[in-house]
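Worksheet: the structure to be examined is printed underneath.
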Amino acid sequence: MTRIIAGRAGSLRLDVPKAGTRPTSDRVREAIFSALESWGMTDGTRVLDLYAGSGALGLEAASRGASAVVLVEKHAPAAQVAQRNARTVLTAFEREESRPVIDVVRQSAQGYVDAAAERAAGGAAAPDRWDVVMLDPPYDLGEAELTANLASLVPLLADDAVVLVERSSRSPEPTLPDGLSPLRDRRYGETVLWWCELSSREG
C-alpha cells in the first residue's frame, strides 16, 4: 500500500500492482511536489503521468490542485489498479463544485505521445498541452526509447512546462532531445530526479 501525501485526498490509501512497477517513495514524492509548488506548478495545471503504474504521482498532483491528469500505463493489471486509485481519489472531491478530470489510458508511453504529437502537427484542436509531465520508466527502458519519449513531448508542452524523469542512480543522465534543456537534478538515495524545460524559455 501507498498513500496520497497531501492535498484534498491527503492520507487516502492507494493500491499498488502486485508486480512490474516500482512505486515512488513518500520521501521522493514529497521532494517532487515541493519543487512543483515552489515553481507554482500545482494549482490548475494539466499533468501527464507516463509509465504511471499505480498512478501515485499523477494522483498526488490531482490531490494538490491539478485541473486535469492523464495516467498512461500499458500493462493491463497496473492500468486497472490506476483506475481504481483514480476513483478513490475522486471520492475526496464529491462535495466540491469543481473536481479534477482524471483519465487512465492503457497504452504505451511512446504510442500515446506520438498520437498526440501527430494531432498537434496536423493542426487538430487537441487539448494535449501539458504543464507538468512526469516519467518514471522501468529500469530496463533503453536510452533511445526514453529520448524518443522526450522528443515527442516537446510540441505538446506549455511554454512554462517542466518535465521530470525519475531514474535509478545507476542509470545514466537522460539524453535530452532538441527543444529540451536541463533545469536541475537531485539525488535521493537510489533515486535521481532529472528536471528539464523547454529550451526556448528565457531566464
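The values are calculated or read from the model by the stated rules, or taken from the named source; none is laboratory data. Since this is a predicted model, take the numbers as computed values, not measurements. When we count neighbours, we look across all protein chains shown, and the Cβ atoms used for this are built from the backbone with ideal geometry, even at glycine.
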- [ ] Scan the range 18-27 and give yes if some residue there is out of contact with any strand residue (DSSP E or B) (no Cβ under 6 Å at 6 or more places or on another chain), at pLDDT below 95 and aliphatic (A, V, I, L, M), otherwise no.
- [x] yes
The residue that is nearest to residue 155 (Cα to Cα), considering only those in the range 84-118 that are in a helix (DSSP H, G or I) and of a type in the set (Val, Ile, Thr), is 113
Would you call residue 164 at pLDDT 95 or above, buried (at least 16 other Cβ atoms within 10 Å of the Cβ), among the aliphatic types (A, V, I, L, M) and not in a strand (DSSP E or B)? no
Scanning the range 68-87 for residues that are in contact with an Asp or Glu (Cβ under 8 Å, 6 or more places away or on another chain) and either over 26 Å from residue 39 (Cβ atoms) or of a type in the set (Ser, Thr, Tyr) (or both) gives 79, 81, 84
When residue 62 is run through (1) assigned to a helix (DSSP H, G or I); (2) in contact with a helix residue (DSSP H, G or I) (Cβ under 7 Å, 6 or more places away or on another chain); (3) farther than 15 Å from residue 131 by Cα, the failure sits at (3)
Within the range 73-98, the residues that are crowded, with 18+ Cβ neighbours inside 10 Å and of a type in the set (Asp, Glu) are 73
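Let's see how each residue does on (1) under 20 Å from residue 174 (Cβ atoms); (2) under 17 Å from the mean Cα position of the chain (by Cα); (3) β-branched (Val, Ile, Thr):
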{"residue": "60", "(1), (2), (3)": "no, yes, no"}
{"residue": "82", "(1), (2), (3)": "no, yes, no"}
{"residue": "95", "(1), (2), (3)": "no, no, no"}
{"residue": "100", "(1), (2), (3)": "no, yes, no"}
{"residue": "108", "(1), (2), (3)": "yes, yes, no"}
{"residue": "149", "(1), (2), (3)": "yes, yes, no"}
The condition of being touching a helix residue (DSSP H, G or I) at 6+ places or on another chain (Cβ under 7 Å), more than 23 Å from residue 37 (Cα to Cα), modelled with pLDDT of 95 or more and among the small types (Gly, Ala, Ser) holds, among 120, 109, 116, only for 109
Residue 189 vs (1) surrounded by fewer than 14 Cβ atoms within 10 Å (Cβ to Cβ); (2) more than 17 Å from residue 29 (Cβ to Cβ); (3) touching a helix residue (DSSP H, G or I) at 6+ places or on another chain (Cβ under 9 Å): all pass except (2)
Note on the range 151-161: residues assigned to a helix (DSSP H, G or I) and either loosely packed, with under 13 Cβ neighbours inside 10 Å or in contact (Cβ under 8 Å) with a residue 40 or more places away in the chain (or both) are 152, 153, 154, 156
